[in-house]
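What follows is a single structure, written as structure tokens, with notes after it.
What follows draws every value from the coordinates through simple rules; no lab data is involved. Remember, predicted model here, so these are calculated numbers, not experimental data. Note that each Cβ is placed from the backbone with ideal geometry, even for glycine, and that neighbours are counted across all protein chains shown.
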Ligand SMILES: [Cu+2]
């Protein structure tokens, strides 16, 4: 599993946008959780880590691999 720290999520729409973005990254087999209050996402699979953070940035948030 890969854990990401995400800054800038403020509501469930943000969570949905991040979830969709992560699901669209090649190599992601499952988005386990996107947690609003913790600012955290957990995914399964073997995606390129730079592609993961780039997909989140495209939605307007900043992300780092924890
Ligand atoms: Cu929002």
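The long axis of helix 49-58 is offset from the longest Cα principal axis of the chain by roughly 30 degrees. Working from label points 7 Å from Cα in the Cα-to-Cβ sense, the residue 23 to residue 40 distance is 2.3 nm. Spin-label model, residue 49/residue 10: points 7 Å from Cα along the beta carbon direction are separated by 3.0 nm. Taking every alpha-carbon pair under 8 Å whose residues sit at least 6 apart, the chain reaches a relative contact order of 44 percent. Taken over the C-alpha atoms, segment 2-65 has Rg and Dmax values of 10.0, 28 angstrom.
Return one number: the angle in degrees, 0 to 90 and rounded to the nearest 10, between the long axis of the Cα atoms of helix 12-23 and the longest principal axis of the Cα atoms of the chain. Between helix and principal axis, roughly 10 degrees.
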